[in-house]
Amino acid sequence: MSHLKQLIDLGFLVEEDSKNVIEKLDENDFQKLIDNLKKEKVFLVTKNLINKILSKEIEILKQFKPIKSFTVQDFVKTLNERYSFLQNILLNKIELKNVVSINKASSGGVSIIGLVKDIIEKNNNILVVLEDTTGDIETLMDKKLAEKLFLDDVIAVSGNINNKILFAEKLVFPSIPLRPVNYSSENVKIAFLSSKKGNKEDYAIYKNKIEDKIKNKIYNITKPCFIKIKNIIILIIFGFDPIDLLNKRYVNIDNTDFLIDPIPDILFTDKKIDTNYKGISIVSLDKVINLKTREVKPIV
């Protein structure tokens, strides 16, 4: 027996544009719909009502937790966790050949993964001191190659070693991989707002909260944070260049790391950047994005 006929047999009236939605429901969702309709004593079944009943809760995957009292041990732990996380990413980069630890790098062509211990300007080049758990090595690279580097970044450098100096030919960040765009199966709109001025979206994200307009529910958040809506992973982060953080895969706020993991499908930023980067939609303030089409429009 079809889902539609079962509802009618139970005495419900079904709005015309909700019939296809009902027939496509799996058995678990259909039973959940029936249970809620009976509980709420609903007479007319509409598309909006179905969405409200079956819409999943917003899932907060991870959010920033500042450390109030910071010790030397905390600092060392932070660097070790950052290095381990980013090293594992870099080890899987196919462009890196002959990856060795620093204590085994003697001569010839090698790739080394290390934490940036020092950056020194030397003539027209930059001398970068890289450190891993086995030691450190001086790496000479072109200024342009090193322009995005900061202390304590974790990178991989490929080049040739001569007189105990690594002459860099390639610098690799632990950047996110290129991926297919992930779309929602549902026509859902999320607005990213600086103030309360949107009115046609299903979800509204503000500076410190998320409004679920389907379930009429508010979630308080601490940025940066990862959330999931309709199986779409969203990163909300202010104050950082979005391309830079997706390449470096971490940010440090008040001596506390926030690792960019998992890889987001959408990134909401306070920077004036709206673009698609390796399958990720980067969306600025006062824009609305449709999860089904990934189309971004300004709030008017």
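Key figures
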read-out	value
The chain - Rg and Dmax from Cα coordinates, angstrom	25.1, 86
Taking the C-alpha atoms of the range 220-273, convex hull volume expressed per residue in Å³	87
Dimensions (Å) - the range 3-54, Cα atoms, principal axes, largest first	23, 21, 20
Whole-Hz ³J(HN,Hα) from phi, Karplus 6.51 cos²θ - 1.76 cosθ + 1.60, for the range 184-191, glycine and proline x	7, 7, 10, 7, 10, 10, 10, 9
Virtual spin-label span in nm between residue 35 and residue 253, 7 Å along Cα→Cβ	3.7
Computed magnitude of the charge dipole of the chain (debye, nearest 20; Cβ of K, R +1, Cβ of D, E -1)	640
Globularity index of the range 158-300, i.e. its alpha-carbon radius of gyration over 2.2 N^0.38 Å	1.22
Taking the C-alpha atoms of the range 6-138, convex hull volume expressed per residue in Å³	264
Listed residues 234, 106, 141: farthest to the positive end of the dipole of the chain (Cβ charges)	234
Antiparallel DSSP beta bridges within the range 1-146, percent to nearest 5	85
Scaled radius of gyration (Cα, divided by 2.2 N^0.38 Å) that the range 94-172 gives	0.96
Net charge contributed by nearby residues that have their C-beta within less than 15 Å of residue 26 (K/R +1, D/E -1)	-2
With Cα atoms, 0 to 90° folded angle of helix 27-40 axis to the chain main axis	60
Candidates 289, 119, 221, ranked by Gaussian network fluctuation over the chain, Cα under 10 Å, top entry	119
Length released on extending from residue 167 to residue 6, taking residue separation times 0.36 nm less the Cα-Cα span	50.7 nm
Cα-centred dipole magnitude for the range 166-279, charges only on beta-carbon of K, R (+1) and D, E (-1), debye, nearest 20	420
Neighbour-count order for 96, 25, 115, fewest beta carbons within 10 angstrom listed first	25, 96, 115
Dipole magnitude of the range 3-54, debye to nearest 20 (Cβ charges: Lys/Arg +1, Asp/Glu -1, about Cα centre)	180
Angle in degrees between helix 72-91 and the longest Cα principal axis of the chain, rounded to the nearest 10	80
HN-Hα J in Hz across the range 279-285 - Karplus 6.51, -1.76, 1.60, θ = phi - 60°, x for Gly and Pro	x, 9, 7, 9, 10, 8, 4
Among 47, 230, 271: highest mean-square fluctuation, GNM of the chain, C-alpha pairs under 10 Å	47
Highest-MSF residue in the chain out of 186, 16, 169 [GNM, Cα springs under 10 Å]	16
Likely footprinting exposure, 170, 248, fewest C-beta neighbours within 10 Å first	170, 248
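Rule-based calculations on the coordinates, nothing more; no lab input. Predicted model only: the values in this text are computed from it and were never measured. In this analysis, Cβ positions are derived from the backbone assuming ideal geometry, glycine residues included, and neighbour counts consider all displayed protein chains.
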